[in-house]
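> Please find one structure pasted underneath; my questions will follow.
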Protein chains: 2
Amino acid sequence: MPSETTAVPRAAVAADRADTARRVLLSARTPDSAATPVDGVPGWLARQARAGDFRVTPVPFAELRGWYFEEGTGNLRHESGRFFSVEGLHVHADGLPARGWKQPIIVQPEVGLLGIVAREIDGVLHFLMQAKMEPGNVNTLQLSPTVQATRSNFTGVHRGRGIPYLDLFLERGRARVLVDALQSEQADWFLAKRNRNMVVEVDEDVEAGPDFRWLTLGQLLRLLRLDNVVNMDTRSILACLPTAGASDGEGSAATPVLRSFHDPSAPARHTTAEILSWLTGIRARRELVQRRVPLDEVAEDGWLRTAREIGHTGGRRFRVIGADVRAANREVASWSQPLIQPQVPGLMALVVKPVGGVLHALVQARVDVGHLNVAELAPTVHCRPADHTGPGREPFPPFLADVLAAPAGRVRYDAVQSEEGGRFHHAENRYVIVEAGEDFGEDVPEDFAWLTFAQLTELLAYGNHLDVELRTLVVCAHTLY
Amino acid sequence: MPSETTAVPRAAVAADRADTARRVLLSARTPDSAATPVDGVPGWLARQARAGDFRVTPVPFAELRGWYFEEGTGNLRHESGRFFSVEGLHVHADGLPARGWKQPIIVQPEVGLLGIVAREIDGVLHFLMQAKMEPGNVNTLQLSPTVQATRSNFTGVHRGRGIPYLDLFLERGRARVLVDALQSEQADWFLAKRNRNMVVEVDEDVEAGPDFRWLTLGQLLRLLRLDNVVNMDTRSILACLPTAGASDGEGSAATPVLRSFHDPSAPARHTTAEILSWLTGIRARRELVQRRVPLDEVAEDGWLRTAREIGHTGGRRFRVIGADVRAANREVASWSQPLIQPQVPGLMALVVKPVGGVLHALVQARVDVGHLNVAELAPTVHCRPADHTGPGREPFPPFLADVLAAPAGRVRYDAVQSEEGGRFHHAENRYVIVEAGEDFGEDVPEDFAWLTFAQLTELLAYGNHLDVELRTLVVCAHTLY
């Protein structure tokens with residue numbers, strides 16, 4: 001009989017999500033902390049950026065060190081076989097021509113780790129955030145998770161070496177796991193990419209290195225009100241924090257948003273079983289057939305490769321470019337890499353409405369070309385407004401007009417946030433939360449449904465249910481209370 | 001503002017899984033019913049088989065009507081572009097050579113529907129089962145779900161036409177949904193294949209056609225004790241029935257297996273959050289990189305194509321063959337198709353053990369070449385014993401020796417069941433549930449974990465967590481009480 005240590009030791013994981021939710025709520029209600037006064041954070045980021053001496057320069061593909069277009073396929077690959085590749089994707093889906101559609105796609109099948117270390121300071125959960133440079137960031141540095149690691153960092157003989165704090169995620173028993181789920185990233189640009197999103201809590205006095213600061217969730221929510229400070233990976237992880245069970249109603253003081261996040265017995269328009277059945281039905285009925293093809297084949301659908309970019313002749317989609325990166329404080333002092341550059345910004349809007357005294361979010365089950373599992377829940381509006389304005393453009397998607405016409409008093413959250421700067425160049429989206437007016441009906445098209453925020457944060461425990469843009473809006477919605 | 005009917009009407013889905021669980025338990029405890037006396041079922045199946053006049057004949061690939069090896073790839077496809085294809089799969093995974101491994105694989109990206117209609121008769125849930133012929137069945141007919149439909153059956157203009165009872169699954173509001181989740185099928189042979197598993201309950205008096213019979217779960221459990229009567233699709237769906245909350249302990253009369261299935265407050269060795277974190281860790285750490293390649297390329301790894309089969313020179317794996325099918329009572333009177341034929345039977349064994357008065361099942365997180373999401377929970381032992389016996393064979397996998405040496409008194413379930421006869425030719429596996437002895441430790445290797453049956457049936461609500469072999473053993477475990 002094998003007698004090795006079991007891999008699921010009882011003490012390794014926070015047993016009680018409701019207890020975590022209560023402590024998360026306390027942290028959210030702590031708007032500042034002596035550990036790191038929040039007003040100093042933007043200045044600290046700016047100083048770190050100056051000290052880091054980062055330069056990102058667009059270069060022709062031929063000048064990308066280590067990258068090459070593979071013979072016979074045209075796939076853009078790294079000579080080590082590591083990192084990622086840009087290949088072609090042939091997709092058949094509802095709404096596309098019968099012969100399908102070919103486009104460039106980032107292929108990165110390995111699962112990476114995005115992890116935040118948490119610790120109670122003066123009885124309040126603080127999160128260890130990193131000032132981290134990414135080549136695609138408009139402002140060089142943003143607040144990033146404690147750890148971003150690739151699979152090769154956390155497997156094999158060199159596991160964890162050289163990456164600060166990674167051992168806290170790998171050595172079970174050193175920390176309690178508060179969040180641990182595989183979540184998707186941009187399915188427009190990535191083929192079935194997932195990262196492991198984790199929060200682990202330590203009791204020991206972990207020292208914050210020079211690039212790190214301890215912040216409460218309340219401080220992070222204040223920084224989320226600013227443009228481009230809290231990076232995508234951080235938003236993705238924080239969205240996964242449990243909230244259900246933090247309170248059982250809070251009596252008459254509870255507002256619709258507090259009930260929605262924290263009270264699992266608050267009446268929801270649909271049960272979770274109903275929501276899962278609805279999503280299952282869409283995943284079964286919608287067509288999404290994906291096949292990797294040589295990147296050379298995307299030319300058939302209007303993608304042109306020049307010395308400096310792969311772009312679409314129709315414009316307004318995205319292009320693949322090359323960048324040369326010089327940085328002082330990264331593991332490697334300089335490198336080259338391809339980046340995806342969107343041509344126009346997106347609008348990600350969540351319509352919310354109190355139903356029976358509980359705030360509900362209107363989400364859509366959205367099919368994107370790169371999804372692992374056909375469809376995931378997405379914001380009410382997930383589009384590029386430029387696609388829908390001016391002559392010859394596509395019709396408005398549902399609810400775009402409502403969002404654009406919402407009076408200022410109903411716009412509860414509005415900021416520009418960046419997508420992952422490690423892969424995307426200056427990819428900014430406007431994130432908006434709009435409270436629906438009285439006349440906004442609860443009957444919605446069949447791809448849409450009303451969920452409470454507790455239902456959303458519980459689905460996040462299972463992974464691959466909410467897309468990365470909706471995860472951003474879930475964490476932004478914490479700013480509403 | 002759109003005012004279409006919402007797609008998630010509140011009354012369409014059974015709101016209360018615990019209520020369903022209570023009614024499922026009552027049905028499981030109803031070992032016979034006047035609606036269809038169970039002793040008559042095997043004879044009815046035999047009579048239907050004789051009346052159907054089915055003939056299945058292996059034929060050379062050249063004689064498969066409508067199927068052809070595609071120019072340039074060698075992929076085996078149907079000229080309509082429908083059904084499925086046999087292609088090559090190039091896999092990189094832990095334990096394989098660094099250059100990976102190429103093998104034939106069935107590609108069927110569309111999600112099909114496997115549905116059972118349920119109805120209370122004399123206050124007890126009955127399930128409408130179909131005597132259905134499949135070409136690969138060793139015994140022609142087995143008890144199948146009410147409906148098996150492909151995506152083209154339930155989308156487009158001809159939706160539902162010609163398939164009895166399909167409208168009950170498609171027209172929301174006609175039936176309550178008791179089960180609805182996407183579940184995987186054999187990941188050795190299928191690339192990321194899933195089917196939508198559904199149970200819907202009707203109140204109206206639905207007539208059972210000549211190929212159909214109403215049976216209680218208790219009757220189905222008695223038939224599950226027999227070899228090859230209850231088909232794989234039926235087992236898969238029944239495993240998804242909710243069980244948690246059927247009782248809150250049943251006082252001192254409760255046995256470890258009843259507590260395990262029905263009492264959600266029964267102490268489990270690990271919380272569900274711990275289990276999800278453990279599975280997430282394995283999905284992140286293990287390598288599984290899949291790429292579809294031309295079927296011609298599998299020759300590089302020892303697969304040989306002759307006029308009648310594609311087989312591996314090393315034997316003992318599987319082969320692809322062609323079959324000609326003549327049947328009187330199918331939608332189409334005769335057809336041809338490829339089938340996968342395993343060379344040796346498998347052994348699927350679940351070790352169970354009471355821990356703290358609650359029966360726990362020992363499951364592994366298993367990586368198979370075709371998985372959508374790297375790993376799923378699988379039986380304790382999932383192997384072909386012939387691979388591990390005799391000279392030059394592979395070492396025993398964990399716990400195989402324990403299962404093979406278990407005294408008869410500890411073997412709680414033991415029957416031969418068939419895998420899907422629509423794709424697999426004479427694919428039989430031995431399914432066994434073994435109660436561990438006192439000396440069987442609870443510490444297990446890192447890919448294994450102990451779960452209660454309620455934890456397993458709750459995970460089944462989210463889809464793609466339990467493989468099809470473990471789903472069979474979950475429904476077989478209902479026979480233990």
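The values are calculated or read from the model by the stated rules, or taken from the named source; none is laboratory data. This is a predicted model, so every value here is computed, not measured. Glycine also receives a Cβ, built like all others from the backbone with ideal geometry; neighbour counts cover every protein chain displayed. Heavy atoms of the whole protein, side chains included, go into the accessibility calculation; ligands, DNA and RNA do not. Shrake-Rupley method; radii C 1.70, N 1.55, O 1.52, S 1.80 Å.
> So if we plug the beta-carbon distance of A:D387 and B:E442 into 1/(1 + (r/R0)^6) with R0 = 51 Å, what FRET efficiency do we get, rounded to 0.05? Write out the running numbers ahead of the final one.
Working: r = 57 Å, r/R0 = 1.12.
So, using R0 = 51 Å, E works out to roughly 0.35.
> Counting Lys and Arg as +1 and Asp and Glu as -1, each charge on the Cβ, what is the dipole of the range B:188-343 about the Cα centre in debye, to the nearest 20? Intermediate results must be reported in sequence, preceding the final value.
Working: 21 positive and 21 negative charges, 165 e Å.
Magnitude of the dipole: close to 800 debye.
> Taking the Kirkwood radius as the inverse of the mean 1/r across Cα pairs, report the Rg/Rh of the protein assembly as shown. Kindly include the intermediate steps, with their values, before the conclusion.
On the way: Rg = 27.9 Å, Rh = 29.3 Å.
Value, to two decimals: 0.95.
> Out of residues 5 or more away from A:L89 or on other chains, whose amide H comes under 5 Å of its own, with H placed 1.01 Å from N in the peptide plane?
A:Q103, A:I105, A:V293
> What are the distances, in nm and sorted shortest first, from the label point of A:P445 to the label points of the same position in each other copy, with each label point placed 7 Å from Cα along the Cα-to-Cβ direction?
Here the equivalent label points are 5.0 nm apart from this one.
> Related question: Where in the range B:20-54 is the amide nitrogen less than 20 Å from a point lying 7 Å along the Cα-to-Cβ axis of B:E120?
B:20-36
> Given Cα pairs under 8 Å that are at least 6 residues apart, what percent is the relative contact order of chain B?
On the way: 1064 pairs, mean separation 103.2, N = 481.
Normalised by residue count, the contact order of chain B is 21 percent.
> Taking the Cα centroid of the range B:76-108 and of the range B:415-432, what is the distance between the two, rounded to the nearest whole Å?
21 Å
> May I pose another question? Convert each backbone phi in the range B:316-322 into a coupling constant with the Karplus relation 6.51 cos²θ - 1.76 cosθ + 1.60 (shift: θ = phi - 60°), then list the ³J(HN,Hα) values in order as whole Hz, x for Gly and Pro.
Result, rounded to whole Hz: 6, 8, 8, 9, 9, 10, x.
> Something else: Please find the FRET efficiency linking A:R50 to A:S265, where r is the Cβ-Cβ separation and R0 is fixed at 45 Å, and quote it to the nearest 0.05. Write down the numbers at each step before the final one.
Values: r = 51 Å, r/R0 = 1.13.
For R0 = 45 Å, the calculated efficiency reads 0.30.
> Each residue of the range B:404-414 in turn: what ³J(HN,Hα) in whole Hz from Karplus with 6.51, -1.76, 1.60 and θ = phi - 60°, glycine and Pro shown as x?
5, 8, 5, x, 3, x, 9, 8, 8, 8, 7
> Which single residue of chain B puts its beta carbon nearest to the axis of rotation relating B to A, and what distance, in whole Å, does that give?
B:Y462, 2
> Related question: With an 8 Å cut-off on Cα pairs and a minimum separation of 6 or more residues, tell me the relative contact order of the range A:366-481 in percent.
Values: 96 pairs, mean separation 32.2, N = 116.
Once divided by the residue count of the range A:366-481, the mean separation gives 28 percent.
> Under a point spin-label approximation (7 Å from Cα along Cα-to-Cβ), what is the B:V344-A:H92 distance to one decimal in nm?
3.8 nm
> Here's something else I'd like to know. Obtain the nm distance between the two label points defined at A:E171 and B:E207 by a simple spin-label model: each point lies 7 Å from its Cα along the Cα-to-C-beta direction.
7.2 nm
> If you don't mind, another one. What percentage of the solvent-accessible surface of the protein assembly as shown, computed with a 1.4 Å probe over protein heavy atoms, is contributed by carbon and sulfur atoms?
Details: 17290 of 34800 Å².
The value for the protein assembly as shown is 50 percent carbon and sulfur by accessible area.
> Leaving out ligands, DNA and RNA, calculate the buried accessible area for the pair B and A with a 1.4 Å probe, summed over both sides, in Å² to the nearest 100.
Details: alone 20160 and 20160 Å², together 34800 Å².
For B against A, buried area totals roughly 5500 Å².
> If amide H atoms are built 1.01 Å from N in the plane of the peptide, which residues on other chains or at least 5 residues away come under 5 Å of the amide H of A:E376?
A:R366, A:D368
> For n ≥ 4 DSSP H runs only, could you compute -39500 (n - 2.57) per run for the protein assembly as shown, divide by its residues and tell me the 222 nm figure to the nearest 500? All intermediate terms of the calculation are to be shown ahead of the outcome.
Values: 22 runs with 184 residues, N = 962.
Mean residue ellipticity at 222 nm (helix-derived): -5000 deg cm²/dmol.
> Something else now. State to the nearest 20 debye the size of the charge dipole of the protein assembly as shown about its Cα centre, where the only charges are +1 on K and R beta carbons and -1 on D and E beta carbons.
On the way: 102 positive and 120 negative charges, 220 e Å.
The calculation lands at about 1060 debye.
> Round to the nearest 0.05 the FRET efficiency obtained for B:A18 and A:T57 when R0 = 60 Å and r is the Cβ-Cβ distance.
Values: r = 61 Å, r/R0 = 1.02.
For B:A18 and A:T57, the calculated efficiency is 0.45.
> May I pose another question? Counting heavy atoms of the protein chains only and a 1.4 Å probe, report the per residue accessible area for the range B:53-206 as a whole number of Å². Can you show the working numbers first?
Working: 5790 Å² over 154 residues.
Spelled out: the 1.4 Å probe surface of the range B:53-206, per residue, equals 38 Å².
> Further question on the same structure: Quick one, could you list the DSSP H helices from chain B stretching 18 Å or more along their long axis (Cα atoms) with average Kyte-Doolittle hydropathy of -0.5 or above? Spell out each step's value before the answer.
On the way: long enough: B:272-285 (20 Å, 0.30).
Counting only whole DSSP H runs, the qualifying helices are B:272-285.
> With just the Cα atoms defining each centre, how far is the range A:112-185 from the range A:270-341? Give it in Å.
24 Å
> Can you list the HN-Hα couplings for the range B:194-208, worked out from phi with the Karplus curve (6.51, -1.76, 1.60; θ = phi - 60°), rounded to whole Hz and with x for Gly and Pro?
Per residue, the Karplus-derived 3J(HN,Hα) values read 9, 10, 7, 9, 9, 10, 10, 10, 10, 9, 6, 8, 7, 7, 7 Hz.
> Turning to a different aspect of this structure: Residue farthest toward the positive end of the dipole of the protein assembly as shown, with Cβ of Lys/Arg at +1 and Asp/Glu at -1: which of A:S260, A:V199, B:V367?
B:V367
> Right, next: Rounded to the nearest 20 Debye, what is the dipole magnitude of chain B about its Cα centre when Lys and Arg each give +1 and Asp and Glu each give -1 at the C-beta? Show your work: numbers first, answer last.
Values: 51 positive and 60 negative charges, 143 e Å.
Computed charge dipole of chain B: roughly 680 debye.
> Shifting gears a bit: With a/c under 1.5 counting as rounded, go ahead and sort the range B:192-330 into rounded, prolate or oblate using the C-alpha gyration tensor (a ≥ b ≥ c being the square roots of the eigenvalues; past the cut-off, prolate if a/b is larger than b/c, else oblate). Walk me through the intermediate numbers first.
Values: a/c = 2.65, a/b = 1.35, b/c = 1.95.
Oblate is the answer for the range B:192-330, as a/c is 1.5 or above yet b/c matches or exceeds a/b.
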